[in-house]
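Written below as structure tokens is the structure these notes are about.
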Ligand SMILES: C[S@@+](CC[C@H](N)C(=O)[O-])C[C@H]1O[C@@H](n2cnc3c(N)ncnc32)[C@H](O)[C@@H]1O
């Protein structure tokens with residue numbers, strides 16, 4: 001097993017992470033120093049991205065790339081990095097199967113097996129989507145069909161189904177993500193319709209509610225292909241500095257933001273059809 005560490009400049013780390021996650025949707029380990037952030041990828045030789053791919057992803061944020069062979073306890077190390085994630089004071093808990101269930105009564109308890117696809121619940125962009133889904137549920141709007149664009153591990157689709165949306169579908173361009181979402185939906189006892197869709201080239205599925213935790217360029221491309229504006233759209237994955245571009249693309253699709261959130265450099269929008 002190889003540990004490949006990409007150390008980058010702290011001020012460019014969010015940008016590097018976005019590009020790395022396109023290469024490694026399974027997620028990365030993160031370690032912070034003073035002026036640097038290190039992202040590490042684990043995998044067998046031949047199944048990890050090549051150095052040129054990583055250098056291109058890190059761009060001018062790159063400090064250094066190093067490779068270490070790690071012994072057989074890697075699975076335990078991987079587990080150490082995945083603790084339960086608590087949203088809105090524990091009203092939603094996303095946890096790996098080896099951690100105990102939610103402590104708060106009536107909490108939405110979501111079990112996600114980490115490591116196969118993006119979406120352990122820990123990333124700021126995922127957390128903001130979960131908070132906004134909860135806000136819709138609190139407003140009595142968690143019903144009817146919902147489509148999760150770029151479903152990854154299926155975490156948002158599973159949360160939506162547990163909050164009351166139905167039917168819930170998820171799409172992703174990565175077969176590994178769809179496999180992970182199928183396994184996770186079964187582990188959570190919810191039904192998801194899963195489709196392989198490349199949102200760079202294909203229209204997103206139609207639904208009255210959409211949730212899309214994607215990068216800003218992909219959000220823009222997706223907005224351009226929305227035929228019928230959804231009643232409600234949650235989008236995340238944009239850097240705060242990219243919000244204007246995404247707003248403009250949404251406006252062209254007849255969709256307008258009605259609330260926004262930010263965490264660190266990341267932004268999320270709750271939008272409605274105009
Ligand atoms: C940031 S992750 C979001 C995962 C999960 N929904 C969450 O919120 O944690 C983005 C997902 O979009 C998928 N994706 C990337 N490019 C895509 C494309 N062109 N078409 C469809 N899905 C894509 C990735 O495979 C990844 O699973």
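Each value in this text was obtained by applying a stated rule to the coordinates, not by laboratory testing. In this text, all values refer to a predicted model and were calculated from it rather than measured experimentally. Positions of Cβ are backbone-derived with ideal geometry, glycine not excepted, and every protein chain shown enters the neighbour counts.
Working only within segment 218-274, note down all residues that are surrounded by fewer than 16 Cβ atoms within 10 Å (Cβ to Cβ) and within 19 Å of residue 197 (Cβ to Cβ).
224, 225, 227, 228, listed by residue number.
For residues that are farther than 15 Å from residue 172 by Cβ and without any contact (Cβ under 8 Å) to a residue 12 or more places away in the chain, scanning just segment 183-205, find the one that is surrounded by the most Cβ atoms within 10 Å (Cβ to Cβ).
186
Tally time: how many residues in segment 18-38 are more than 14 Å from the ligand (Cβ to nearest atom) and buried (at least 20 other Cβ atoms within 10 Å of the Cβ)?
1
I'd like to verify a number: residues in segment 115-149 that are in a loop (DSSP other than H, G, I, E, B), buried (at least 20 other Cβ atoms within 10 Å of the Cβ) and touching a strand residue (DSSP E or B) at 6+ places or on another chain (Cβ under 6 Å), how many?
1
Are any residues in segment 128-147 more than 6 Å from the ligand (Cβ to nearest atom) and under 21 Å from residue 222 (Cβ atoms), and if so, which ones?
Correct list: 128, 130, 132, 133, 136, 144, 145, 146, 147.
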